[in-house]
Amino acid sequence: MPFTIDFLDDGRILKWDATDDGAVATERDDYTPRFYVAARDPDANIDLTALQSFYDQHPDVVATEIVTQHPGFRRDEESVLAVDVAHIDRVTPLARQVRQLSAYPVGDLACFNVDFSREFRYCLEEDIDPTPASELSTLRLSVPVTETSNDVYGELSVAGDTVIGSPTDLLTAVQGALDAHDPDVLVCSTSEIVPTLYEMATDAGADDFSLSRWPDVDYQQLASRSTYSSYGRVGHSPARYNVPGRAIIDESNTFFYGETNLDGVLDLVSRSKKPVQELAWASIGNVLTAIQICEAHDRGVLVPWNSWRHEFYKPMGTLHDADRGGFIFAPEVGVHKDVHELDFSSLYPNIICTRNVSPDVIRCDCHSDRDDVPGLGYSICDDRGYLVDVLQPIIDARDEIKAAIRREKERDDPDDDRLTELEGRSGALKWILVACFGYQGFSNAKFGRIECHEAINAFAREILLSAKQRLEAGGWRVVHGIVDSIWVTPDPDVDDDDREDLVALATEITEDVEIRLEHEARYDWVAFVPQRESDAGALTKYFGKVADADEFKVRGIEARQRSTPPFIEKVQRDCLEQFDATRSPDAVIDRLQDAVTRLHAGTVPIEDLVERNRVSKPLEGYTQNTQNVAALKRARDQDLAVHPGQDIEYVVVDEEKNSRERVALAHEEIETYDASYYETQLVRAVESLLSPLGWDRTEIRRELAETREANVTAFTDSGD
């Protein structure tokens, strides 16, 4: 099966199969992609022949026919117009013309199977599984950040070896690696490496240089770079390129490869019919949509171009009841001993599968008198929903992979390569399962429905509340609970002899709700952190010592935040170990004092003080002189392109300044740093650890000052 598919400008298609002897290309020139047109309203009596006549005369249309299809999961088969297109790039423009045909008496129409990515469309329509039959070979090319904006590279890493020299030196190294490895996949630190190398080859007169496996085409640009906003967060999408015969993975524009590995990517390739290159740049929602489209295709259901699902009518009371999230039991701030964490395995996906929550069966007309969803009065049809068929294989596969991981780890001599493969596949499936719930409430989801989102939350609240009540009845006290997790500790008011076994309770709850309640971990102690400006517990900030293990679980505090400099993280973890060993705030303050002393002595390595922050807008869009602004100004001075949605790394060298001198970029030669600024960050990090005991930064600073004074006094006394 082809692992990558190239679409040439003249309409030819190249299918590349991975074999033990290298990649083999098959050429084809008769592929005609298809989209559909149907009445938007299923009750509308629309004659499609006028539209068919229009398309029959269009030069980009190969053929048309009236066929019967399901224009939606809730619609019966009906007549639709199928349009076969001469070139894949003409599908969307032709579909747009449906909206412009006011002169034709065609009525209100909708288009289907329009906005598919190219390789995915081909695999879907031709019923091809793009999972490679043989192991794919890879070659990594990367450039340092200082080179990313240059038209000519002076340094390039090829297969892990750094090459510094003239363009000819770099091009020779790349071509040599291509000849030696003949890679199926090019892993690039940035996709701009592709056009830059070709421009360098042109300028250097290296006519024989080529990344491509096909002699007639060097590379193609598939998309330009862009900036987007999703749920209030700005992101950056780099330009995308294609090299015939090789899949490209852009490390600056890949979620699944970055979060898992090539094994995780390939697992999702087999489930989504998205070849490696498309899967690598796709988002979680994009891949989930592809898997759902495959299921719809198997059921003969067309995929809407634009979602127009209306929300079912609800009385005001139902709207109020439905507009609620998952279960939350606010944590008790403080340090709790002998804590057990219980998690429902893949709660939301399992609710979908065990309760048959799916857009095509929620609030069905055939069972409108039933109250299947607790507290909302929604009915759920007895027919199996399509979403169950989408998710159940993924749930089952992940359970099997997790079991295989446990077995491999229990072996006397675990196979590290096998573990890497399994963990990559497990991680990829986890992200799909994590996203499946939120996708149901996404306004642009192809098949989502807000009522599914509401129903899943309603079932989840009922499950967690019933579990909480049963655990408390069994002699356990709940100290925290959120969404799918519950933390319990022995109830001090219940005798040990009367307290029920926790594993037995979990088994009973599992049988009752039909979703496995797992004993995730036992902790010697867990500390729940208060909110910064309140005494109430922060829902996702806690840390604890895992029982019978030399490890801590840390969530939400600085050591888990991506922007935290390595030095701050290391000191916080060091203080955490000290807290576990002594339970003494004074001992933690001593560790903090030692770190502060090193800071002011200038002995902390500069690379350990690098902060990484996401840029949310162009430089001109900022109105305050933040650290990001100072860093962006320095980047602009050095002709470094940093787009909204990308990260920028810097060291704070003088927090008192408002100019670009406030910071230095991580790659610059930095001789000093602002010790007072980093001391403040250390105090904040230690405050996170001691706040469960009632300490705040004011008290921490007072203790630091007293410690310093005591040290100075002792030094003076010894000098006398």
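Every read-out reported here was derived from the displayed coordinates using simple, explicitly stated rules and does not represent laboratory data. Note that the structure is a prediction, hence the values are computed from the model and not measured. In this analysis, Cβ positions are derived from the backbone assuming ideal geometry, glycine residues included, and neighbour counts consider all displayed protein chains.
Structural remarks
- Think of it this way: in the chain, CYS111, CYS123, CYS188, CYS294, CYS353, CYS366, CYS436, CYS452, CYS575 stand alone, with no other Cys Cβ under 4.7 Å.
- For ARG225, residues with placed amide H under 5 Å, excluding near neighbours: ALA239
- Comparing Cα centroids, the stretch 597-616 and the stretch 165-231 end up 35 angstrom apart.
- Each residue of the stretch 88-95 is assigned a 3J(HN,Hα), and the resulting list reads 4, 6, 9, 4, 5, x, 5, 5 Hz, derived from the Karplus form 6.51 cos²θ - 1.76 cosθ + 1.60 (θ = phi - 60°), x at Gly and Pro.
- SER212 long-range amide H proximity, modeled H, under 5 Å: none
- Cα gyration tensor category, rounded, prolate or oblate, for the stretch 322-546 with a/c compared to 1.5: oblate
- Over 26 Å (Cα to Cα) - which of LYS541/LYS657; LYS468/LYS545; LYS273/LYS617; LYS430/LYS541; LYS468/LYS553 fall in this group: LYS541/LYS657; LYS273/LYS617
- Look at the Cα gyration tensor of the stretch 130-298: its axes a ≥ b ≥ c give a/c of at least 1.5 with a/b over b/c, and that counts as prolate.
- The order of the peptides 623-629, 82-88, 451-457 by mean Cβ neighbours within 10 Å, most packed first, is 451-457, 82-88, 623-629.
- Contact order relative to length of the stretch 130-298, as percent, for alpha carbon pairs under 8 angstrom and 6 or more apart: 20 percent
- Judged by the mean number of other Cβ atoms found within 10 Å, the most tightly packed of the peptides 89-97, 159-167, 424-432 leads the ranking 424-432, 89-97, 159-167.
- Across the stretch 75-83, computed HN-Hα scalar couplings (Karplus, 6.51 cos²θ - 1.76 cosθ + 1.60, θ = phi - 60°) run 10, 6, 4, 8, 6, 9, 9, 9, 10 Hz from first to last residue, x flagging Gly and Pro.
- If the segment from ASP637 to ASP496 were pulled out straight at 0.36 nm per residue, it would be longer than the present Cα-Cα gap by 43.9 nm.
- Theoretical FRET efficiency, 1/(1+(r/R0)^6), r = Cβ-Cβ of SER226 and ASP524, R0 41 Å, to 0.05: 0.25
- For percent of Cα pairs over 38 Å apart, calculated from these coordinates, the label among (1) 51; (2) 37; (3) 46: (1)
- Applied to the stretch 400-409, the Karplus parametrisation 6.51 cos²θ - 1.76 cosθ + 1.60 on θ = phi - 60° returns per-residue 3J(HN,Hα) values of 5, 5, 4, 5, 5, 5, 4, 5, 5, 5 Hz, with x for Gly and Pro.
- Contact order normalised by residue count of the stretch 607-672, Cα under 8 Å, 6+ apart, percent: 37 percent
- Packing around the peptides 690-697, 545-552, taken as the average count of other Cβ atoms within 10 Å per residue, puts them in this order, highest first: 690-697, 545-552.
- Extension gain, ASP594 back to GLN561 (0.36 nm per residue minus Cα-Cα distance, nm): 9.6 nm
- Global geometry of the stretch 534-654, whether rounded, prolate or oblate, following the gyration tensor of its Cα atoms and the 1.5 cut on a/c: prolate
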